[in-house]
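> I have a structure here, written as structure tokens, and I will follow up with some questions on it.
The values are calculated or read from the model by the stated rules, or taken from the named source; none is laboratory data. Being a predicted model, the structure only gives us computed values, none of them experimental. When we count neighbours, we look across all protein chains shown, and the Cβ atoms used for this are built from the backbone with ideal geometry, even at glycine. Side chains included, ligands, DNA and RNA excluded: accessible areas come from the protein's heavy atoms. Shrake-Rupley method; radii C 1.70, N 1.55, O 1.52, S 1.80 Å.
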Amino acid sequence: MKLNKTGEAGAAESGDILVTVAPSEEPGIQIELSGKSVILKQFGRQIRELIQKTAEENGLENARICAKDNGALDCTIKARVRAAIQRAV
Amino acid sequence: MKSILLINGNDPKALLNSTLYGADAVAYDLHEAVSANDKDAARLLLQEALAFFDFGDSGVFVRVNPMSEGGDKDIAVAGKGKPQAFILPCADAQSLPQADAAVSALEAANGFAAGSIKLIPTVESVAAVENIGALLASCPRIMAVIFNAENFLKDLGVAETGDASQILYARSKVALACRAAGIPAIDRPWKDLKNRDGFEADARNGKALGFSGKLAVSGGQVPSINEIFA
């Protein structure tokens, strides 16, 4: 899937995650994850994997994904990544 | 069904807490609670969240946008999470068959049993109140009806005075038609959260007219609704 612009979805509010998806010249999917250090230390790897898996399932190939987590559950992370991708197409 | 609690369909934290208030059903709102720019994201959030959460004994509904304003997309996308019913705003003889067809298409596309997802029309126009008997008879998916007095009075072209006698005829007609059809009638929401006495008096009034329950716009209204309509 080719991205034409930057797409953003979600919010920087408790229980949510703000996801920005942008086209990238570099091959593959680069993920930049930020949030509370205590959450990232415990769940950072799982969140990254979920973002990567969701992006791949939605046909993303070359993209930069910036995610600011605020304690989002898996269903919210998936939904926000999908929405950001749709908005970037 | 006594209480249906409305929850912002694009608020993950509200979704997470939505079943804590003891409502008989939660209704995730894609209509008034969600801005036009966020409808697409909210549909996807509900699709994922409905499949993710365990709602226990609580009914799970999605309030879609009117069929003329994207209700079909709400049904097609959020509906993949398989809610028990869709609440249809501005229901009338035109929009109800459209919603019925959209739900049939959803069921067929996702392997859901035909007729398994229900509709809850919101009666909020003069025409819908006047023709409610025919409306209820037109669609076997209808499992309940919600009466929205605020929009009914707007359609009638009169200002709301706060006097319940303004809506006595319409309210009674909705309650009677639902009783005749054997389905629950859910009374209007009470949006003035500071006027607790007014809210409880209105709930008692609705029960006395034959309503089975009331729409809650806040979790704090649920216990009173459950008690009054018990």
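> With (1) without any contact (Cβ under 8 Å) to a residue 12 or more places away in the chain; (2) among the small types (Gly, Ala, Ser); (3) within 14 Å of chain B (Cβ to nearest Cβ) as the list, and A:Gly44 as the residue in question, which single condition is left unmet?
(3)
> Taking interchain pairs and intrachain pairs at least six residues apart, which have beta carbon atoms under 8 angstrom, with the first residue in region A:1-19 and closer than 19 Å to A:Gln52 by Cβ and more than 9 Å from chain B (Cβ to nearest Cβ) and the second of a type in the set (D, E, K, R) and open to solvent by less than 90 Å² (accessible area, probe 1.4 Å)?
Every condition considered, the pairs that remain are A:Gly7/A:Arg87; A:Glu8/A:Arg87; A:Leu18/A:Arg80; A:Val19/A:Arg80.
> Here are the criteria: (1) open to solvent by 20 Å² or more (accessible area, probe 1.4 Å); (2) under 17 Å from the mean Cα position of the chain (by Cα); (3) under 21 Å from A:Arg80 (Cα atoms). Tell me which single one B:Asn65 does not satisfy.
Result: B:Asn65 passes all but (1).
> Now, a different point. So which pairs qualify, if the first residue must be in region B:11-36 and surrounded by fewer than 23 Cβ atoms within 10 Å (Cβ to Cβ), the second must be among the hydroxyl-bearing types (Ser, Thr, Tyr) and in a loop (DSSP other than H, G, I, E, B), the Cβ gap must be under 9 Å, and the two must be at least 6 apart or on different chains?
Matching pairs, first to second residue: B:Lys13/A:Ser14; B:Thr19/B:Ser58; B:Tyr21/B:Ser218; B:Gly22/B:Ser58; B:Asp24/B:Ser58.
> Considering every residue within region A:59-82, establish whether at least one is more than 14 Å from chain B (Cβ to nearest Cβ), open to solvent by 30 Å² or more (accessible area, probe 1.4 Å), polar (S, T, N, Q) and without any contact (Cβ under 8 Å) to a residue 24 or more places away in the chain.
Checked against the condition, which is being more than 14 Å from chain B (Cβ to nearest Cβ), open to solvent by 30 Å² or more (accessible area, probe 1.4 Å), polar (S, T, N, Q) and without any contact (Cβ under 8 Å) to a residue 24 or more places away in the chain, region A:59-82 yields no hits at all.
> Further question on the same structure: Among the listed residues B:Ser95, B:Ser58, B:Ser35, which satisfies the condition of being under 24 Å from B:Asn148 (Cβ atoms) and modelled with pLDDT under 95?
Of B:Ser95, B:Ser58, B:Ser35, the one residue that is under 24 Å from B:Asn148 (Cβ atoms) and modelled with pLDDT under 95 is B:Ser58.
> Then there is this: Do we have any residue at all in region B:80-96 that's of a type outside the set (D, E, K, R) and within 14 Å of chain A (Cβ to nearest Cβ)?
Yes.
> Could you tell me whether region A:20-28 includes any residue that is within 14 Å of chain B (Cβ to nearest Cβ) and either among the hydrophobic types (A, V, I, L, M, F, W, C) or open to solvent by less than 10 Å² (accessible area, probe 1.4 Å) (or both)?
The answer is yes; a qualifying residue exists.
> Checking B:Asp192 against (1) buried (at least 19 other Cβ atoms within 10 Å of the Cβ); (2) modelled with pLDDT under 95, which test does it fail?
Single failed check for B:Asp192: (1).
Conditions tested, residue by residue: (1) at pLDDT 95 or above; (2) under 18 Å from B:Cys90 (Cβ atoms).
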site	(1), (2)
B:Ala134	yes, yes
B:Ala137	yes, no
B:Lys154	yes, yes
B:Gly162	no, no
B:Ser172	yes, no
B:Ala180	yes, no
B:Ala203	yes, no
B:Lys214	yes, no
B:Ile225	yes, no
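Condition check ((1) of a type in the set (D, E, K, R); (2) more than 15 Å from B:Leu44 (Cβ to Cβ); (3) open to solvent by 20 Å² or more (accessible area, probe 1.4 Å); (4) touching a His at 6+ places or on another chain (Cβ under 8 Å)) across all residues:
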{"position": "B:Ile75", "(1), (2), (3), (4)": "no, no, no, no"}
{"position": "B:Ala78", "(1), (2), (3), (4)": "no, no, no, no"}
{"position": "B:Gly81", "(1), (2), (3), (4)": "no, no, no, no"}
{"position": "B:Ala85", "(1), (2), (3), (4)": "no, yes, no, no"}
{"position": "B:Cys90", "(1), (2), (3), (4)": "no, yes, yes, no"}
{"position": "B:Ser95", "(1), (2), (3), (4)": "no, yes, no, no"}
{"position": "B:Ala99", "(1), (2), (3), (4)": "no, yes, no, no"}
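> Scan region B:44-59 for residues that are touching a Lys or Arg at 6+ places or on another chain (Cβ under 9 Å) and open to solvent by 10 Å² or more (accessible area, probe 1.4 Å) and jot them down.
Selection gives B:Gln47, B:Glu48, B:Leu50, B:Ala51, B:Phe52.
> Would you confirm whether or not region B:85-103 contains a residue that is in contact with a strand residue (DSSP E or B) (Cβ under 9 Å, 6 or more places away or on another chain), of a type outside the set (D, E, K, R) and over 26 Å from B:Cys178 (Cβ atoms)?
No, there is no match, as no residue in region B:85-103 is in contact with a strand residue (DSSP E or B) (Cβ under 9 Å, 6 or more places away or on another chain), of a type outside the set (D, E, K, R) and over 26 Å from B:Cys178 (Cβ atoms).
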